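Heads up: the structure comes next, in structure tokens.
Derivation of every value follows stated rules applied to the coordinates shown; laboratory data play no part. Computed from a predicted structure; not experimentally measured. When we count neighbours, we look across all protein chains shown, and the Cβ atoms used for this are built from the backbone with ideal geometry, even at glycine.
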């Protein structure tokens, strides 16, 4: 099968410029409304539940899940679906334990909540280390993916692609802040959901609108094993470890957590998670159809011929069912997806640098508003430059493991401290610090010692640590360290302020203190 | 301890209990699925009707379970929890 992938595609360039023009117009509109730090980081707390639900979905559905999972299913069948499911099951946890406390207790970052009744400086520093580690690894994965993808889709050189992504994304964040970033996410989420849905319908038309006929066709042509678990999950402990990291990591991703500050109250935070879970679940159910559709209509060999990892399965499927114009549309959607996710990540990294480290640590919370606003923008520029630099430094490296690593650190460094600080009275400053630092560094160390790095990246024969993802060890370890250190270092203020925190958690920041 | 504080603590305890149960349910369902994937590969490969293997059905059901658990929580929070919060705010107990 011949494909026009990799040569300049008129439709792709048209749709890409359309998306960039619309989002830059939104940024111009948002820039005129972004006059304070509260606007810059929290969109003036004016976002509705449906809007934030779409924006959360936009932040979460990265190009990796759209292209990567479709490709994995197209090449290996059922095994790819395990990722689809793992990426969704964290959302109920966000709903039950995280969303409402975050909205009622914090201002801009999740450290606000952890530091609420503890000593600011040590907690903020530890939380910023965890946040920056997660954001950096996630950014590297996205930027390198972006460079490769755009090279494949549009045929432009890798470095140019990185610089274009960096420049457009910086315009969103720097001028439009959270308001522009939110609307970019909304536009992107609608495009991605609409594009994936359209693609699925065009596949199903060939199978009398019956997904089972599609799956049956795949089983007939490529063997019944494509509908059964294969070699991807060989070791149960490995599977559990990846599963727990995906699940609890979702509830610790700083760019996701930050979204809960953009809504007016806890009730809206709640409804936005419902919408987000609806959209994301729907999207991952569509990946079942897209993956098997690509397997049957394009064929695994044709997909592997373009990209060994299978990442081009969805664009190739679009070309097969809808021609060059539809390929262009799907390619532009994939580009838009990367831009939007990178913008969200950069904004959350900037918040950790300026709000946590500069305002609350260096200036001890006493920086005047205009200084906070200025520092926030400087940090955004810095974040943008760093992500472009990382994209270029890691060119050609195998960075697929970095998303898993970002989830493992988020689950081990951020999630335990967040839950303990909100729900466990004896939690102390030293406990929080220990939990976050042990979480971050144990995850980093064990990833380094795992087969993910030792065998896949460094090419050694075996690895000292057996699990590919460290979550199963590092998440319980982080909880345990946080609790033991807390019990050893009694902190009277932290325990006494627990009641005041509960009061605000349930009645909201507007309610009077007890 | 004031009446208001007692009411708040009761509400917090109820919220925590429900949140913990629902989180536990989600974990049990998801990890159950993962363990089946790891240990019962032939079972999950069995096709119930042509094209629908048990694995695909259960996988889709894990996603549906997430929706149902969220729906249970939202229903409780929108009715019971919000009403109690409003009552405590207004009457102080």
Taking every residue of B:6-19, the Cβ atoms of other protein chains inside 10 Å of its Cβ average out to 3
Quotient of Cα radius of gyration and Kirkwood radius for the stretch A:190-304, i.e. Rg/Rh, equals 1.07
Work out the P(r) tail for the stretch B:3-91: percent of alpha carbon pairs separated by more than 16 Å, whole number. 64
Translational diffusion coefficient, Stokes-Einstein: compute it for the protein assembly as shown using the Kirkwood radius over C-alpha pairs as Rh, at 25 °C and 0.890 mPa s, and state it as an integer in µm² s⁻¹. 100
When you count, for each residue, the other Cβ atoms within 10 Å and take the mean per peptide, how do A:405-412, A:276-283 rank with the highest first? A:405-412, A:276-283
Sorted by mean Cβ packing within 10 Å, highest first, what order do the peptides A:458-468, A:330-340 take? A:330-340, A:458-468
Over all residues in A:496-506, what is the mean tally of Cβ atoms on other chains that come within 10 Å of each residue's Cβ? 3
Per residue of A:269-279, other chain Cβ atoms within 10 Å number on average 3
What is the distance in Å between the Cα centroid of the stretch A:317-385 and that of the stretch A:239-269? 17
Output ordering of A:254-262, B:52-60 (per-residue mean of other Cβ within 10 Å, highest first) is A:254-262, B:52-60
In square nanometres, what is the average projected area of the Cα convex hull of the stretch A:65-131? 6.2
With the crude spin-label approximation of a point 7 Å out along Cα→Cβ, what separation in nm comes out for residue B:57 versus residue A:13? 5.1
What percent of all Cα-Cα pairs in the stretch A:274-318 falls in each 5 Å bin, counting up from 0? 5, 24, 26, 16, 12, 9, 6, 2, 0
